[in-house]
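Reading through the structure tokens given below for one structure.
The values are calculated or read from the model by the stated rules, or taken from the named source; none is laboratory data. Keep in mind it's a predicted model, so treat the numbers as computed, not measured. Quick reminder, even Gly has a Cβ in these numbers, built from the backbone with ideal geometry, and neighbours come from all protein chains shown.
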Amino acid sequence: MGFEVLLKGNNVARLLGGLLAALRISLVSVVISIILGVLLGVLVTLRRPVITAIYRIYLETVRIMPQLVLLFIVFFGSTKALGLNLSAESASIIVFSFWGTAEMADLVRGSLAAIPVIQYESAASLGFDQVQTYRYIIVPQIVRRMIPLSINLITRMIKTTSLVMMIGIVEVLKVGQQIIEANRKSSPNAAFGVFATVFILYFLACFPISRFAGYLEKKWEN
Amino acid sequence: METILEVKNISKSFDDIMVFENLSLTVKKGEVVVIVGPSGCGKSTFLRCINALERIQEGEIVLDGESIDPAAKNLSRIREKIGMVFQSYDLFPHLTILQNLTLAPVKIRRTNRRDAEKEALEFLDRVGLSNKKDSYPRQLSGGQKQRVAIVRALMMHPEILLLDEITAALDPEMVREVLDVVLDLAREGRTMIVVTHEMQFARAVADRMIFMDGGRIVEEGNAVEFFDAPKTDRLRKFLHSFDYERRE
């Protein structure tokens, strides 16, 4: 079946190392995306025409452009055009944060817009000032809406990290390919075993996260 | 009886559209004032102005000696004295019923949590909902939510209660359970301004009736005269629109 190649040398450790590289890129990007995305989402809620216009263009660009193209533009393009010497990992983090920030901002904007005006008014009529209204009534509702959605974004990012091998990062899929190549003679069936293992690794990384999102969604559906 | 609320010659317009002009109203402690009128006559906007949810262009609103001004620094503190219940269910969806009731007293009045919960449970018992204390708003019917909303306003010990068409969005059989609570509050001497379309209820609860139309107070008086012997044609016509006669 091709699983035997995993037992050779330190192949398992190498695969796990590749997974770790993927997780590192997605986690750093998610943290950056949440911070910038919340800021941008709140800015957009102010309804200034210029901000809204820039935001719409940004969001559409991110959604239309394949992540791989963005990766190539940032990694290869910046070297040529701007003379920057970005490492592949930095380039990946920039692209994933660029993407994640847009998605997060849209989640924040959507969650804020979904809160009815009457929530603000009834808080005001009870005597809450503006800061207290946000702290006790608006933000808790937004967080409940957003956390499950942003966790889904994390799993989507982890999946998409498989693209970064295209700019030379040795993540889990790349390690898998290397193992298959190295053992082509001794284990011609290695492809199935190795890719199946890669699949299981992605599953193990994403499934608990996605279950956790589902659990929170259920808990907070009120 | 001492005056608790004085509305002096207030005017309100949205952009260029005048909602009402030169409106005045004095409410005494313990009085129940019921405002009726056709949709769009400005009665809800009038209530919202009293709570400074809408900005007035002219005039003054004085509650208990203090002027209510949307720009005032102490606006939140004055609003504590005005309880308001809206037409749409406005409970906080992320909190249980008990938490909905205790949030404002604990965070704003700095009431001890245990005392606030004790008071909340007493109120819930009075409106027949003590078994719902740990439920979330979405698990309650419309009528139950409105009773909780009334209790939530009462938890701040307001000087006056503003009820803005609180049964307008309810199924007919739920209207009763909410209005019974309001009747109960009237009997115990709460000061209230009630905007409603329920004429039978208005008649039962009002110390004073006010008929508004086109941004003006057209007629006011005690409930019996108001309903049985209206002075103006306009009010007679309005009241008549609630009557149905069978044609054989």
Residue list for the stretch A:127-144, filter: assigned to a helix (DSSP H, G or I), buried (at least 17 other Cβ atoms within 10 Å of the Cβ) and within 7 Å of another protein chain (Cβ to nearest Cβ): A:132, A:136, A:137, A:141, A:144
Answer from B:227, B:238 - the residue that is over 21 Å from residue B:153 (Cα atoms), part of a helix (DSSP H, G or I) and touching a Lys or Arg at 6+ places or on another chain (Cβ under 9 Å): B:227
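Give the residues of the stretch B:1-52 that are free of Cβ contacts under 8 Å to residues at least 12 places away in the same chain, in a strand (DSSP E or B) and under 27 Å from residue B:73 (Cα atoms), sorted by residue number.
Taking the stretch B:1-52 as the starting set, the residues that turn out to be free of Cβ contacts under 8 Å to residues at least 12 places away in the same chain are B:14-17, B:39-40.
From the residues that got through so far, the ones that are in a strand (DSSP E or B) too are B:14, B:17.
Of everything in the stretch B:1-52, just one residue is free of Cβ contacts under 8 Å to residues at least 12 places away in the same chain, in a strand (DSSP E or B) and under 27 Å from residue B:73 (Cα atoms), namely B:14.
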Residue satisfying condition, being without any contact (Cβ under 8 Å) to a residue 60 or more places away in the chain, among the charged types (D, E, K, R) and loosely packed, with under 14 Cβ neighbours inside 10 Å, within set B:177, B:219, B:173: B:173
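Has the stretch B:32-51 got at least one residue that is among the β-branched types (Val, Ile, Thr), within 25 Å of residue B:189 (Cβ to Cβ) and within 14 Å of chain A (Cβ to nearest Cβ)?
Pass one, the stretch B:32-51, residues among the β-branched types (Val, Ile, Thr): B:32-36, B:45, B:50.
Going one step further and asking which of them are within 25 Å of residue B:189 (Cβ to Cβ), we end up with B:32-36, B:50.
If we keep only those that are within 14 Å of chain A (Cβ to nearest Cβ) as well, we get B:50.
Yes, the stretch B:32-51 contains at least one residue that is among the β-branched types (Val, Ile, Thr), within 25 Å of residue B:189 (Cβ to Cβ) and within 14 Å of chain A (Cβ to nearest Cβ).
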Residues (touching a Phe, Trp or Tyr at 6+ places or on another chain (Cβ under 9 Å) and part of a helix (DSSP H, G or I)) located in the stretch A:157-170: A:157, A:158, A:159, A:160, A:161, A:162, A:164, A:166, A:167
Residue among B:140, B:98 that is under 18 Å from residue A:118 (Cβ atoms) and more than 16 Å from the chain's Cα centre (by Cα): B:140
Hits in the stretch B:53-67 (condition: in contact (Cβ under 8 Å) with a residue 12 or more places away in the chain and more than 12 Å from every other protein chain (Cβ to nearest Cβ)): B:55, B:56, B:57, B:58, B:59, B:60, B:61, B:62, B:63, B:64, B:66
Of all residues making up the stretch B:95-123, the number that are within 14 Å of chain A (Cβ to nearest Cβ), without any contact (Cβ under 8 Å) to a residue 40 or more places away in the chain and in a loop (DSSP other than H, G, I, E, B): 2
Tabulated pairs, the stretch A:75-95, first aromatic (Phe, Trp, Tyr), second surrounded by 13 or more Cβ atoms within 10 Å (Cβ to Cβ) and assigned to a loop (DSSP other than H, G, I, E, B), C-beta under 8 angstrom, 6+ apart or interchain: A:75/A:86
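Out of the residues in the stretch A:76-88 meeting the condition of being assigned to a helix (DSSP H, G or I) and of a type in the set (A, V, I, L, M, F, W, C), tell me which one is surrounded by the most Cβ atoms within 10 Å (Cβ to Cβ).
Taking the stretch A:76-88 and keeping what is assigned to a helix (DSSP H, G or I), we get A:76-82, A:88.
Subset that is of a type in the set (A, V, I, L, M, F, W, C): A:76, A:81-82, A:88.
On the way: A:76: 13, A:81: 9, A:82: 10, A:88: 17.
Applying the filter and picking the extreme gives A:88.
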Among residues of the stretch B:124-153, those that are within 11 Å of chain A (Cβ to nearest Cβ) and in contact (Cβ under 8 Å) with a residue 60 or more places away in the chain, counted: 3
Condition check for residue A:173: farther than 20 Å from residue A:196 by Cβ, within 18 Å of the chain's Cα centre (by Cα) and either among the hydrophobic types (A, V, I, L, M, F, W, C) or not in a helix (DSSP H, G or I) (or both): no
For residue A:216: the one exception among (1) without any contact (Cβ under 8 Å) to a residue 12 or more places away in the chain; (2) within 14 Å of chain B (Cβ to nearest Cβ); (3) part of a helix (DSSP H, G or I); (4) not aromatic (Phe, Trp, Tyr): (1)
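Which one of these is within 14 Å of another protein chain (Cβ to nearest Cβ), surrounded by fewer than 20 Cβ atoms within 10 Å (Cβ to Cβ) and in a loop (DSSP other than H, G, I, E, B): A:147, A:115? It would help to see each step written out before you state the result.
Working: A:147 fails: in a loop (DSSP other than H, G, I, E, B).
Answer to the check: A:115.
Among the candidates B:216, B:152, B:147, B:203, single out the residue that is of a type in the set (Lys, Arg) and out of contact with any helix residue (DSSP H, G or I) (no Cβ under 7 Å at 6 or more places or on another chain). Break it down into steps so the answer makes sense when it comes.
Working: B:152 fails: out of contact with any helix residue (DSSP H, G or I) (no Cβ under 7 Å at 6 or more places or on another chain); B:147 fails: out of contact with any helix residue (DSSP H, G or I) (no Cβ under 7 Å at 6 or more places or on another chain); B:203 fails: out of contact with any helix residue (DSSP H, G or I) (no Cβ under 7 Å at 6 or more places or on another chain).
Just a single option satisfies the conditions, and that option is B:216.
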Members of the stretch B:83-94 that are touching an Asp or Glu at 6+ places or on another chain (Cβ under 9 Å) and more than 7 Å from chain A (Cβ to nearest Cβ): B:83, B:85, B:87
Residue ID - farthest from the other protein chains (Cβ to nearest Cβ), chosen from residues in the stretch B:8-31 that are crowded, with 21+ Cβ neighbours inside 10 Å and closer than 21 Å to residue B:185 by Cα: B:31
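Identify, from the list A:102, A:91, A:124, the residue that is buried (at least 18 other Cβ atoms within 10 Å of the Cβ), outside any loop (DSSP other than H, G, I, E, B) and within 14 Å of another protein chain (Cβ to nearest Cβ).
Answer to the selection: A:124.
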Selection status of residue B:78, in contact with a strand residue (DSSP E or B) (Cβ under 9 Å, 6 or more places away or on another chain), under 12 Å from residue B:160 (Cα atoms) and at pLDDT below 90: yes
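Which one is surrounded by the fewest Cβ atoms within 10 Å (Cβ to Cβ), of the residues in the stretch B:180-205 that are more than 11 Å from the chain's Cα centre (by Cα) and under 24 Å from residue B:104 (Cβ atoms)? Let's see the steps before the verdict.
Within the stretch B:180-205, the first condition is being more than 11 Å from the chain's Cα centre (by Cα), and the residues that meet it are B:180-181, B:183-190, B:197-205.
When the remaining residues are screened for being under 24 Å from residue B:104 (Cβ atoms), the result is B:181, B:184-186, B:188-190.
Working: B:181: 21, B:184: 13, B:185: 19, B:186: 21, B:188: 8, B:189: 10, B:190: 19.
Checking each candidate, the answer is B:188.
Suppose we keep only residues that are out of contact with any helix residue (DSSP H, G or I) (no Cβ under 7 Å at 6 or more places or on another chain) and touching a residue at least 24 places away in the same chain (Cβ under 8 Å) within the stretch A:5-16. Which one would you say is nearest to residue A:97 (Cα to Cα)?
At the first step, the residues of the stretch A:5-16 found to be out of contact with any helix residue (DSSP H, G or I) (no Cβ under 7 Å at 6 or more places or on another chain) are A:7-10, A:13, A:16.
From the residues that got through so far, the ones that are touching a residue at least 24 places away in the same chain (Cβ under 8 Å) too are A:8, A:16.
Values: A:8: 37, A:16: 24 Å.
Step by step, filter the stretch A:5-16, then rank; the result is A:16.
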